[in-house]
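Engineer: Quick one: this structure, given as structure tokens, is what I'll be asking you about.
The values are calculated or read from the model by the stated rules, or taken from the named source; none is laboratory data. The structure displayed is predicted, hence computed values, not measured ones. Methodologically, a virtual Cβ is constructed for each residue, glycine included, from the backbone with ideal geometry; neighbour enumeration extends over all protein chains shown. These area figures cover heavy atoms from the full protein model, side chains too; ligands, DNA and RNA do not enter into them. Shrake-Rupley method; radii C 1.70, N 1.55, O 1.52, S 1.80 Å.
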Amino acid sequence: SSSGSEGLAAIAANLPDLVLLDMHLPDMSGMDVLRRLKAAPATADIPVVIVSADALPATIEGALAAGAHRYLSKPVSVSELLALVDQLLVSLHTKQ
């Protein structure tokens, strides 16, 4: 999805195993999306990985404190991202 509201609606409808989230969306901040995901019981346990060009330490710390699982700064290493996705999905499926 290209906007925060579209993303929230899609996540609520589909309950994905993992969410990749940018911090800068056209209609709301990534922090707002993250807070809403973590506040809703249906989506609170979905791991959220931030993928953003905003690499300010305060932004990263704030996102992690708000419940982001990891924060990857752009440009993202594709191999690092794929390894993280594999790790998270294996972890999720071994818990079930």
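Engineer: Could you tally the net charge around SER2, taking each other residue with its Cβ under 15 Å from the Cβ of SER2, Lys/Arg +1 and Asp/Glu -1? Write out the running numbers ahead of the final one.
Structural biologist: Numbers: positive: none; negative: GLU6, ASP22, ASP27.
Value of the local net charge: -3.
Engineer: Can you check what the net charge comes to around SER29, using other residues whose Cβ is under 13 Å from the Cβ of SER29 (Lys, Arg +1; Asp, Glu -1)? Walk me through the intermediate numbers first.
Structural biologist: Numbers: positive: ARG35, ARG36; negative: ASP22, ASP27, ASP32, ASP54.
Surrounding charge for SER29 is -2.
Engineer: While we're on this one: Using Cα-Cα distances under 8 Å and only pairs 6 or more residues apart, what relative contact order does the chain have, in percent?
Structural biologist: Working: 116 pairs, mean separation 25.0, N = 96.
Relative CO of the chain lands at 26 percent.
Engineer: Stick to the Cα atoms of the chain, pair each with every other, and give me the Kirkwood hydrodynamic radius in Å at one decimal. Please list the in-between numbers first.
Structural biologist: On the way: mean 1/r = 0.0735 Å⁻¹.
About 13.6 Å for the chain.
Engineer: What is the extension gain from SER2 to ALA58, computed as 0.36 nm multiplied by their sequence separation minus the C-alpha to C-alpha distance, in nm to one decimal? Let's see the in-between values first.
Structural biologist: On the way: separation 56, 0.36 × 56 = 20.16 nm, distance 2.47 nm.
Between SER2 and ALA58, full extension yields 17.7 nm more.
Engineer: Could you check how much of the accessible area of the chain is carbon and sulfur, as a whole percent, using a 1.4 Å probe? Numbers along the way, then the final one.
Structural biologist: Working: 3250 of 5550 Å².
Carbon plus sulfur share of accessible area: 59 percent.
Engineer: Separate question: Accessible area per residue of the chain at 1.4 Å probe, in Å²?
Structural biologist: On the way: 5550 Å² over 96 residues.
About 58 Å² of surface per residue is accessible.
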